[in-house]
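As C-alpha coordinates, the structure follows; a few thoughts come after it.
The values are calculated or read from the model by the stated rules, or taken from the named source; none is laboratory data. In this text the structure is predicted, and so the values were computed from the model without any measurement. Glycine also receives a Cβ, built like all others from the backbone with ideal geometry; neighbour counts cover every protein chain displayed.
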Amino acid sequence: MVVGVSTAVNALAWGVRSTFALFYVAMLEEFAWGRGPTALGYSLSWLGFVVFAPVAGWLSDRYDSRILLMTYYGLRGLALLYLPYGFVSESHGLSLFAVFYGLDWIATVPPTVALTRQAFGAEKAGLVFGWIMAAHQVGAAMAASFAGFIRTNEGNYDHAFIFAGFLCMISAVGVLFAGKRPAAPALSPQPG
(Lines give C-alpha, C1' and ligand atoms only; values in the text may rest on other atoms or scores of the structure.)
Protein backbone atom coordinates (compact mmCIF):
# COMPACT_ATOMS: atom_id res chain seq x y z
CA MET A 1 0.00 0.00 0.00
CA VAL A 2 2.78 2.44 0.97
CA VAL A 3 4.65 1.72 -2.25
CA GLY A 4 1.48 2.19 -4.32
CA VAL A 5 0.55 5.49 -2.69
CA SER A 6 4.13 6.76 -2.84
CA THR A 7 4.43 5.78 -6.49
CA ALA A 8 1.18 7.49 -7.44
CA VAL A 9 2.00 10.69 -5.57
CA ASN A 10 5.58 10.76 -6.90
CA ALA A 11 4.31 10.24 -10.44
CA LEU A 12 2.02 13.25 -10.07
CA ALA A 13 4.67 15.44 -8.46
CA TRP A 14 7.45 14.51 -10.89
CA GLY A 15 4.96 14.90 -13.69
CA VAL A 16 4.39 18.50 -12.63
CA ARG A 17 8.16 19.16 -12.47
CA SER A 18 8.58 17.56 -15.87
CA THR A 19 5.78 19.50 -17.59
CA PHE A 20 7.89 22.59 -18.08
CA ALA A 21 7.07 22.60 -21.80
CA LEU A 22 3.37 23.07 -21.08
CA PHE A 23 4.02 26.37 -19.31
CA TYR A 24 7.01 27.51 -21.32
CA VAL A 25 5.25 29.93 -23.70
CA ALA A 26 3.13 31.44 -20.91
CA MET A 27 6.21 31.98 -18.72
CA LEU A 28 8.10 33.60 -21.58
CA GLU A 29 5.30 36.10 -22.04
CA GLU A 30 4.54 36.73 -18.36
CA PHE A 31 8.12 37.31 -17.25
CA ALA A 32 9.46 38.70 -20.55
CA TRP A 33 12.14 36.02 -20.69
CA GLY A 34 14.05 35.08 -23.80
CA ARG A 35 13.71 31.52 -25.07
CA GLY A 36 17.43 30.78 -24.94
CA PRO A 37 18.17 31.85 -21.34
CA THR A 38 15.00 30.14 -20.08
CA ALA A 39 15.76 26.84 -21.81
CA LEU A 40 19.37 27.06 -20.67
CA GLY A 41 18.34 27.63 -17.06
CA TYR A 42 15.95 24.69 -17.10
CA SER A 43 18.52 22.40 -18.71
CA LEU A 44 21.19 23.46 -16.23
CA SER A 45 18.77 22.71 -13.41
CA TRP A 46 18.49 19.10 -14.53
CA LEU A 47 22.22 18.85 -15.16
CA GLY A 48 22.90 20.08 -11.62
CA PHE A 49 20.44 17.48 -10.36
CA VAL A 50 22.34 14.66 -12.09
CA VAL A 51 25.82 15.88 -11.25
CA PHE A 52 25.23 16.55 -7.56
CA ALA A 53 23.42 13.29 -6.69
CA PRO A 54 26.63 11.25 -6.10
CA VAL A 55 28.21 14.17 -4.23
CA ALA A 56 25.20 14.36 -1.92
CA GLY A 57 25.51 10.64 -1.19
CA TRP A 58 29.24 10.97 -0.50
CA LEU A 59 28.63 13.86 1.90
CA SER A 60 25.91 11.89 3.68
CA ASP A 61 28.35 9.06 4.35
CA ARG A 62 30.78 11.44 6.04
CA TYR A 63 28.81 14.16 7.85
CA ASP A 64 25.90 14.44 10.27
CA SER A 65 22.67 14.23 8.26
CA ARG A 66 20.98 16.87 10.41
CA ILE A 67 23.72 19.41 9.65
CA LEU A 68 23.59 18.61 5.93
CA LEU A 69 19.81 18.97 5.85
CA MET A 70 19.99 22.22 7.81
CA THR A 71 22.46 23.54 5.23
CA TYR A 72 20.46 22.34 2.22
CA TYR A 73 17.11 23.63 3.51
CA GLY A 74 18.68 26.94 4.51
CA LEU A 75 20.30 27.40 1.09
CA ARG A 76 17.09 26.35 -0.64
CA GLY A 77 15.22 28.94 1.43
CA LEU A 78 17.71 31.64 0.46
CA ALA A 79 17.35 30.65 -3.20
CA LEU A 80 13.57 30.92 -3.00
CA LEU A 81 13.80 34.29 -1.24
CA TYR A 82 16.07 35.44 -4.09
CA LEU A 83 13.84 34.09 -6.86
CA PRO A 84 11.58 37.16 -7.30
CA TYR A 85 14.76 39.12 -8.12
CA GLY A 86 15.79 36.46 -10.64
CA PHE A 87 12.87 37.44 -12.85
CA VAL A 88 14.50 40.70 -13.85
CA SER A 89 14.71 40.75 -17.63
CA GLU A 90 18.15 40.67 -19.25
CA SER A 91 19.90 39.22 -16.20
CA HIS A 92 21.34 35.82 -15.43
CA GLY A 93 19.39 35.61 -12.18
CA LEU A 94 17.01 32.93 -13.38
CA SER A 95 19.84 30.75 -14.71
CA LEU A 96 21.73 31.19 -11.44
CA PHE A 97 18.65 30.15 -9.49
CA ALA A 98 18.03 27.17 -11.79
CA VAL A 99 21.59 25.85 -11.45
CA PHE A 100 21.60 26.20 -7.68
CA TYR A 101 18.12 24.75 -7.28
CA GLY A 102 19.05 21.80 -9.49
CA LEU A 103 22.07 21.11 -7.28
CA ASP A 104 20.01 21.43 -4.13
CA TRP A 105 17.00 19.48 -5.36
CA ILE A 106 18.53 16.02 -4.96
CA ALA A 107 20.86 16.87 -2.08
CA THR A 108 18.24 16.28 0.59
CA VAL A 109 17.48 12.65 -0.33
CA PRO A 110 20.64 10.85 0.94
CA PRO A 111 20.73 12.59 4.35
CA THR A 112 16.99 12.07 4.78
CA VAL A 113 17.42 8.34 4.14
CA ALA A 114 20.38 8.22 6.55
CA LEU A 115 18.50 10.13 9.25
CA THR A 116 15.45 7.91 8.79
CA ARG A 117 17.62 4.83 9.22
CA GLN A 118 19.25 6.30 12.34
CA ALA A 119 15.91 7.25 13.89
CA PHE A 120 13.88 4.15 13.02
CA GLY A 121 16.47 1.45 12.40
CA ALA A 122 17.39 -0.38 9.21
CA GLU A 123 14.38 -2.68 9.35
CA LYS A 124 11.83 0.15 9.30
CA ALA A 125 13.73 2.72 7.25
CA GLY A 126 12.12 1.79 3.91
CA LEU A 127 8.58 1.98 5.24
CA VAL A 128 9.16 5.26 7.05
CA PHE A 129 10.97 6.80 4.09
CA GLY A 130 8.07 5.76 1.86
CA TRP A 131 5.71 7.70 4.11
CA ILE A 132 8.10 10.65 4.16
CA MET A 133 8.13 10.71 0.36
CA ALA A 134 4.34 10.41 0.17
CA ALA A 135 3.91 13.26 2.67
CA HIS A 136 6.48 15.32 0.79
CA GLN A 137 4.60 14.96 -2.47
CA VAL A 138 1.23 15.73 -0.89
CA GLY A 139 2.80 18.83 0.63
CA ALA A 140 4.24 19.78 -2.75
CA ALA A 141 0.81 19.48 -4.35
CA MET A 142 -0.70 21.64 -1.62
CA ALA A 143 2.08 24.22 -2.01
CA ALA A 144 1.55 24.36 -5.77
CA SER A 145 -2.16 24.96 -5.23
CA PHE A 146 -1.40 27.66 -2.66
CA ALA A 147 1.05 29.32 -5.04
CA GLY A 148 -1.60 29.25 -7.77
CA PHE A 149 -4.07 30.87 -5.38
CA ILE A 150 -1.56 33.62 -4.60
CA ARG A 151 -0.82 34.11 -8.31
CA THR A 152 -4.51 34.37 -9.14
CA ASN A 153 -5.22 36.88 -6.38
CA GLU A 154 -2.06 38.99 -6.51
CA GLY A 155 -1.01 38.70 -10.13
CA ASN A 156 2.46 37.28 -9.36
CA TYR A 157 4.23 34.57 -7.39
CA ASP A 158 6.47 36.81 -5.26
CA HIS A 159 4.70 36.18 -1.94
CA ALA A 160 4.52 32.44 -2.67
CA PHE A 161 8.30 32.32 -3.20
CA ILE A 162 8.93 34.35 -0.05
CA PHE A 163 6.57 32.15 2.00
CA ALA A 164 8.25 28.99 0.66
CA GLY A 165 11.67 30.47 1.45
CA PHE A 166 10.67 31.10 5.05
CA LEU A 167 9.22 27.58 5.34
CA CYS A 168 12.59 26.22 4.22
CA MET A 169 14.32 28.32 6.89
CA ILE A 170 11.97 26.95 9.55
CA SER A 171 12.69 23.43 8.29
CA ALA A 172 16.42 24.12 8.44
CA VAL A 173 16.13 24.81 12.16
CA GLY A 174 13.55 22.09 12.79
CA VAL A 175 15.65 19.29 11.33
CA LEU A 176 18.27 19.86 14.03
CA PHE A 177 15.78 18.42 16.53
CA ALA A 178 15.34 15.16 14.60
CA GLY A 179 16.37 12.19 16.75
CA LYS A 180 19.34 9.97 16.11
CA ARG A 181 18.38 7.04 18.31
CA PRO A 182 16.02 4.29 17.18
CA ALA A 183 12.40 5.17 17.88
CA ALA A 184 10.14 3.36 20.30
CA PRO A 185 8.72 0.11 18.92
CA ALA A 186 5.49 1.76 17.73
CA LEU A 187 6.01 0.43 14.21
CA SER A 188 7.14 -3.03 15.28
CA PRO A 189 5.01 -5.96 14.17
CA GLN A 190 2.83 -7.35 16.92
CA PRO A 191 3.72 -10.89 18.02
CA GLY A 192 1.50 -13.55 16.88
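Evaluate the following for MET70: is it within 17 Å of ALA178 (Cβ to Cβ), in a helix (DSSP H, G or I) and of a type in the set (A, V, I, L, M)? It is true that MET70 is within 17 Å of ALA178 (Cβ to Cβ), in a helix (DSSP H, G or I) and of a type in the set (A, V, I, L, M). Checked against the criterion of being surrounded by fewer than 17 Cβ atoms within 10 Å (Cβ to Cβ), under 21 Å from ALA98 (Cβ atoms) and modelled with pLDDT under 85, the range 155-167 contains one or more residues that satisfy it.
A quick yes/no check of all residues on (1) modelled with pLDDT of 85 or more; (2) β-branched (Val, Ile, Thr):
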| site | (1), (2) |
| --- | --- |
| THR7 | no, yes |
| TYR24 | no, no |
| PRO54 | yes, no |
| TYR73 | yes, no |
| TYR85 | no, no |
| PHE100 | no, no |
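Taking the conditions (1) under 17 Å from the mean Cα position of the chain (by Cα); (2) modelled with pLDDT under 80; (3) among the small types (Gly, Ala, Ser) in turn, SER171 satisfies each one other than (2). The number of residues in the range 128-149 being over 20 Å from PRO110 (Cα atoms) and either surrounded by 17 or more Cβ atoms within 10 Å (Cβ to Cβ) or of a type in the set (Phe, Trp, Tyr) (or both) comes to 2.
If you go through the range 40-75 and keep only what is in contact (Cβ under 8 Å) with a residue 12 or more places away in the chain and of a type in the set (Gly, Ala, Ser), you end up with GLY41, SER45, GLY48, ALA53, ALA56, GLY57, SER60, SER65, GLY74.
Is it true that TRP33 is modelled with pLDDT under 75 and closer than 18 Å to GLY93 by Cβ? Give the derivation first.
Values: modelled with pLDDT under 75: yes; closer than 18 Å to GLY93 by Cβ: yes.
Considered against the rule, which asks whether it is modelled with pLDDT under 75 and closer than 18 Å to GLY93 by Cβ, TRP33 comes out as yes.
Residues in the range 115-127 that are surrounded by fewer than 18 Cβ atoms within 10 Å (Cβ to Cβ) and either under 25 Å from LEU167 (Cα atoms) or modelled with pLDDT under 80 (or both): 1 in all. When you look at TYR85, is it within 17 Å of TRP33 (Cβ to Cβ) and either surrounded by 15 or more Cβ atoms within 10 Å (Cβ to Cβ) or out of contact with any Gly (no Cβ under 7 Å at 6 or more places or on another chain) (or both), yes or no? No; evaluated as a whole, the condition is false for this residue.
Can you report the number of residues in the range 103-114 which are under 11 Å from the mean Cα position of the chain (by Cα) and surrounded by 19 or more Cβ atoms within 10 Å (Cβ to Cβ)? I'd like the intermediate steps shown before the answer.
If we filter the range 103-114 for residues that are under 11 Å from the mean Cα position of the chain (by Cα), which is where we start, we get 103-109.
If we keep only those that are surrounded by 19 or more Cβ atoms within 10 Å (Cβ to Cβ) too, we end up with 103-108.
Count: 6.
Among the conditions (1) touching a Phe, Trp or Tyr at 6+ places or on another chain (Cβ under 9 Å); (2) polar (S, T, N, Q); (3) surrounded by fewer than 17 Cβ atoms within 10 Å (Cβ to Cβ), THR152 misses just one, which is (1). As a summary of the residue check, PHE100 satisfies the conditions (1) closer than 23 Å to GLY74 by Cβ; (2) among the hydrophobic types (A, V, I, L, M, F, W, C); (3) free of Cβ contacts under 8 Å to residues at least 24 places away in the same chain except for the one numbered (3).
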